Amino acid sequence: MISGLGKIPFSRVVAAAALLAASLAISLSFASTGAAQQSAQQSRQQSAQQSALQAQNRLSCNDPKTTDDDTIAGCSALIKSGRDSKHTLAADFNNRGFAYYDKGDYDRAMADYNQAIKLDPKFAQAYNGRCAAHNKKGESDQALADCDQAIQLDPNFAFAYNNRGIAKHARGDTAGGDADIAHAKELDPKIGKE
């Protein structure tokens, strides 16, 4: 017979079990706290990555030196994100419309200008963009109406006068077209020299 071996009294078993349970609970608590901290850190990293991506999309959407395709991609991502205010979203649509216009896709450009105007009915640049797209499509009556609206919203908007002059020429109003183009050049001498 081996000395020192025997049954452990029941009270010791309960105490040992309680000690084991407490130890396990503490271990789980540390593991849970560690998991929570790790989850919070991952969440912060994801948020930082999303913020960096949002900033890159904002740059692509707004920087005039960005290619049309990058502008379209950046603005589309911003529009899809749903994070922008109504006014900023209108600018996103306007900028993407401008890129579509540059690519010769006047229907898509006009769709984006329509959205910009719907979001911000006082957005003169969107009316001017839609005016230019109407001009390219040979729709001088609609172009004229949009340029009139842009000028009403911003009486010093040189490009709107220039585009209205183009629309007037297309309708056969040479004198009116020449006057608008001349006024556009008074407001911005660089017009027509690009």
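The values are calculated or read from the model by the stated rules, or taken from the named source; none is laboratory data. It should be emphasised that the depicted structure is a prediction, and the values quoted were computed from it without experimental measurement. Virtual Cβ from ideal backbone geometry, glycine too; neighbours counted across all protein chains shown.
Side notes on the structure shown:
- Apart from one condition, Asp84 fits all of (1) at pLDDT 95 or above; (2) within 28 Å of the chain's Cα centre (by Cα); (3) surrounded by 15 or more Cβ atoms within 10 Å (Cβ to Cβ); the exception is (1).
- Neighbours by Cβ (under 7 Å, 6+ apart or cross-chain): first from region 66-77, closer than 14 Å to Ala91 by Cβ; second small (Gly, Ala, Ser): Thr71/Ser60; Thr71/Ala99; Gly74/Ser60
Listed here are the residues, each with its yes/no results for (1) touching a Lys or Arg at 6+ places or on another chain (Cβ under 7 Å); (2) aromatic (Phe, Trp, Tyr); (3) within 30 Å of Asp69 (Cβ to Cβ); (4) touching a residue at least 12 places away in the same chain (Cβ under 8 Å).
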residue	(1), (2), (3), (4)
Arg83	no, no, yes, yes
Leu89	no, no, yes, yes
Asn95	no, no, yes, yes
Asp141	no, no, no, yes
Gln152	no, no, no, no
Pro155	no, no, no, no
Thr174	no, no, no, no
His183	no, no, no, yes
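- Just one residue in the set Ala126, Ala99, Ala145, Ala132 is in the same structural domain as Asp69 (by TED's automatic domain parsing) and either within 23 Å of Cys61 (Cβ to Cβ) or hydrophobic (A, V, I, L, M, F, W, C) (or both); that residue is Ala99.
- The one condition in (1) farther than 27 Å from Ala170 by Cβ; (2) in a helix (DSSP H, G or I); (3) free of Cβ contacts under 8 Å to residues at least 12 places away in the same chain; (4) of a type outside the set (Phe, Trp, Tyr) that Arg108 fails to fulfil: (1)
- Neighbours by Cβ (under 7 Å, 6+ apart or cross-chain): first from region 50-63, touching a residue at least 60 places away in the same chain (Cβ under 8 Å) and within 15 Å of Ala91 (Cα to Cα); second crowded, with 16+ Cβ neighbours inside 10 Å and of a type in the set (Lys, Arg): none
- Across region 109-124, the qualifying residues are those that are buried (at least 17 other Cβ atoms within 10 Å of the Cβ) and over 17 Å from the mean Cα position of the chain (by Cα), and the one among them that is nearest to Ser76 (Cα to Cα) is Met110.
- Exactly one residue out of Gln152, Gln142 is in contact with a His (Cβ under 8 Å, 6 or more places away or on another chain) and at pLDDT 95 or above, and it is Gln142.
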